[in-house]
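Remarks on the structure that follows.
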Amino acid sequence: MDLKLKLEQLHQKVVGLKDQINTEEATKNAFVMPFIQILGYDIFNPTEVIPEHICDIGTKKGEKVDYLIRKNDDPILIIECKHWKESADAHNSQLHRYYHVSKARFGVLTNGIVYNFYTDLEKPNIMDEKPFFTINIDDLKDSSIKILESFTKNSYNLESILDSAEALKYIKAIRKEFEKEIEAPSDELVKLLVGRFFEKSLTASRMAPFKEYTKKALTISINESISFRLKSALSINEQIEKQEESIKTSPIDENNESNIVTTEEELEAFQIAKAILREKVPSNRIAHRDTLSYFGVLLDDNNRKPICRFHFNTANKYIETFQNGKDAGEKVLLNNLDEIYNFREQLLKTLENYN
């Protein structure tokens, strides 16, 4: 089972249970431990997942972090948990202290729903104030799941994660600032953009309307970009659907006619089928079409109305009938051409499908 599916199942569990989870300990047992297990670590192995790991800090003895995760006996991750109703963005001072003495390169602060991942990008061995990566069980994104995969037991690679951690941290920060600018453009942004085309100075009285203009311009630009991408996606989907429909409605075998050889045996089989079918339809409605792989008998010379097919191009000869629908052909071995008469009922029933 892949990581995404496991996380979606955990989300369903969180939604169904959280109103009954009244303590931090229950949050750990019901939500956090399954999360650790999803990452591939053995929660029942006390040498790999260590609960209540002691992190003595100076003169303060007996300080404990909720979980320490090891791989190959090396500490890689500490996890501090809060009750699911508490914010995962708060209380990181406690995790900050534990991080300093744990020797793990990554710390996680979680309420069982939001998981904030920290490291020491700014100062060695001192946990950063802000997380470089966050995943929210209530709002799973493919991009976040892909990043989380690098923390699984099978994929964990310290150097690889550290290489991407700085980019993740600053991309997150830039995105946050950009979203703030869209919601409420700052004076600096307005001056930067307007100053490129507006020659007059932006006085306080002019700044207010230009802030509103900037907000509307950014919103329109983003909405139109989204609309364009949606239209492009829809257009691509329409093209794919048309291609698929074309494949469905076009002859199943578009063969080079120069390579097709119609045999006397195939024509004789056609005459037998035609004799049977004339009980229900006039002969001018019964046609044949030969291909490299089979000789087909059609109603109204329409490839979407197959009545039967003769497969005579191998050592064994078969008749394929379509009494159960044009997409549900049934092939049966023929010992001789006279046995075609045994399929009278199937051939006549097939005609009824096209009336």
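The values are calculated or read from the model by the stated rules, or taken from the named source; none is laboratory data. Only a predicted model underlies this, so the values are computations on that prediction, with no experimental measurement involved. With ideal geometry, Cβ positions are generated from the backbone for all residues, glycine too; neighbour counts draw on all protein chains shown. SASA here: full protein model, heavy atoms, side chains in, ligands and nucleic acids out. Shrake-Rupley method; radii C 1.70, N 1.55, O 1.52, S 1.80 Å.
Per the Debye formula on identical point scatterers at the alpha carbon atoms of the stretch 133-229, with no solvent, log10 I(q)/I(0) at q = 0.17, 0.22 Å⁻¹ is -0.87, -1.12. For the chain, the longest principal axis of the Cα atoms and the long axis of helix 204-249 meet at an angle of about 30 degrees. Entry note, the chain: relative contact order of 8 percent, from Cα contacts under 8 Å with a spacing of 6+ residues. When the square roots of the Cα gyration tensor eigenvalues are ordered a ≥ b ≥ c, the ratio a/c for the stretch 1-45 is 1.5 or more and a/b does not exceed b/c, which makes its shape oblate.
If you take the Cα centroid of the stretch 285-355 and the Cα centroid of the stretch 63-86, the two points sit 68 Å apart.
Using the Cβ-Cβ distance between THR219 and ASN29 with R0 set to 45 Å, the FRET efficiency from 1/(1 + (r/R0)^6) comes to roughly 0.50. Residues whose amide H comes within less than 5 Å of that of TYR67, counting only those at least five positions distant or on another chain, are GLU52, HIS53, ILE79 (H built at 1.01 Å from N in the peptide plane). Measuring only protein heavy atoms, the 1.4 Å probe finds LEU292 accessible over about 80 Å². By definition, a body whose alpha carbon gyration tensor gives a ≥ b ≥ c is rounded when a/c is under 1.5, and the stretch 21-180 falls into this rounded group. The longest stretch of the chain left intact once loop-based chymotrypsin sites (Phe, Trp or Tyr not before Pro) with at most 13 other Cβ atoms within 10 Å are removed from consideration, loops following DSSP, is 199-355. Against the chain, whose longest principal axis comes from its Cα atoms, helix 158-183 is set at around 90 degrees. The label point for GLU352 and the one for LEU17, both projected 7 Å from the Cα toward the Cβ, are 5.6 nm apart.
Within the chain, antiparallel bridges make up roughly 90 percent of the DSSP beta bridges whose residues both belong there. The label-point distance for LYS153 and ASP74, in a model that sets each label 7 Å from Cα toward Cβ, rounds to 1.7 nm. Here is the list for the stretch 144-208: trypsin sites (Lys or Arg not before Pro) lying in DSSP coil, each with at most 12 other C-beta atoms within 10 angstrom of its C-beta, are ARG196, LYS200. Once backbone amide H atoms are built at 1.01 Å from N, ASP290 has GLY296 as its partners under 5 Å, excluding neighbours fewer than 5 places away on the same chain. Which entries of LYS130/LYS180; LYS191/LYS216; LYS103/LYS141; LYS28/LYS103; LYS180/LYS211 have Cα-Cα distances beyond 21 Å here? Result: LYS103/LYS141; LYS28/LYS103 exceed 21 Å.
Could I get the Rg over Rh figure for the stretch 109-168? Both from C-alpha atoms, Rh via Kirkwood, rounded to two places.
When Rh is taken as the Kirkwood radius, the ratio is 0.96.
When the solvent-accessible area of the chain is split by element, carbon and sulfur atoms take up 50 percent of it, the probe being 1.4 Å. Ligands, DNA and RNA are left out, and with a 1.4 angstrom probe the accessible area of the stretch 87-225 is 60 Å² per residue. For helix 3-17, report the angle its Cα long axis makes with the longest principal axis of the Cα atoms of the chain; keep it between 0 and 90° and round to the nearest 10°. Around 70 degrees separate the two axes. Loop-located GluC sites (Glu not before Pro) in the stretch 67-131 (DSSP state other than H, G, I, E, B) with a sparse environment of at most 11 neighbouring Cβ atoms within 10 Å: GLU129. Computing semi-axes √(5λ) of the Cα gyration tensor in Å directly from the structure and comparing it against (i) 36, 31, 20; (ii) 68, 34, 18; (iii) 31, 24, 19 singles out (ii). Rounded to the nearest 500, the 222 nm mean residue ellipticity of the chain from helices alone is -13500 deg cm²/dmol, with -39,500 (n - 2.57) taken per DSSP H run of at least 4 residues.
Compute the Kirkwood hydrodynamic radius of the stretch 274-336, taking the inverse of the mean of 1/r over all pairs of distinct Cα atoms, and give it in Å to one decimal.
When all Cα pairs of the stretch 274-336 are included, the Kirkwood radius is 12.2 Å.
Local charge for LEU347 was computed over the other residues whose Cβ lies under 14 Å away, with Lys and Arg +1 and Asp and Glu -1, and equals +3. Here's the picture: a label point sits 7 Å out from the Cα of VAL261 along the beta-carbon direction, and within the stretch 286-329 the residues with their amide nitrogen under 15 Å of it are 291-294, 312-315. The length gained by stretching the chain between ALA208 and GLU86 to full extension, at 0.36 nm per residue less their Cα-Cα distance, is 40.1 nm.
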